[in-house]
Amino acid sequence: MNLIVTAQDAVTAFADFMEPTDAELDAIEQEMPVILAGVDLVDAQIIALDRTPNEMDNRRIRRARNRVLAARRELANRTAGASLPGGAA
């Protein structure tokens with residue numbers, strides 16, 4: 001009888017050496033407003049799925065889309081401003 005043995009690396013998906021680095025955590029922290037705005041947009045869309053969307057649902061989705069766009073714009077401006085020397089934009 002042949003025994004099937006699993007590889008320990010495949011079973012242990014989150015070993016100590018696989019923790020996110022400080023740079024990765026900083027990048028996630030910078031992108032958090034975009035992530036949260038995206039979650040709000042998905043929530044607004046889910047609410048509208050349960051029924052026929054009314055004017056209030058349309059406003060909620062439109063405002064959530066605008067928040068996503070504003071958060072993406074802020075992130076892009078912050079990223080672009082950080083990479084330019086001398087603070088020129």
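Within the stretch 47-66, residues that are closer than 16 Å to LEU36 by Cβ have Cβ atoms under 7 Å from residues that are open to solvent by less than 100 Å² (accessible area, probe 1.4 Å) and among the charged types (D, E, K, R) in these pairs: ALA64/ASP40, counting only partners at least 6 apart in sequence or on another chain. Consider the stretch 62-89. How many of its residues are at pLDDT 90 or above and within 24 Å of ILE28 (Cβ to Cβ)? Total satisfying the criteria: 14.
Of everything in the stretch 35-45, what is open to solvent by less than 90 Å² (accessible area, probe 1.4 Å) and not acidic (Asp, Glu)? Give them in sequence order. Write out each step before concluding.
Filtering the stretch 35-45 down to residues open to solvent by less than 90 Å² (accessible area, probe 1.4 Å) leaves 35, 37-45.
Result: ILE35, ALA37, GLY38, VAL39, LEU41, VAL42, ALA44, GLN45.
All conditions but one from (1) surrounded by 11 or more Cβ atoms within 10 Å (Cβ to Cβ); (2) modelled with pLDDT under 95 apply to ARG59; the one that does not is (2).
The values are calculated or read from the model by the stated rules, or taken from the named source; none is laboratory data. Because the structure is predicted, anything quoted here is derived from the model rather than measured. Cβ coordinates were reconstructed from backbone atoms using ideal geometry, including for glycine residues, and neighbour counts include every protein chain displayed. All accessible areas refer to the heavy atoms of the entire protein, side chains included, with ligands and DNA or RNA removed. Shrake-Rupley method; radii C 1.70, N 1.55, O 1.52, S 1.80 Å.
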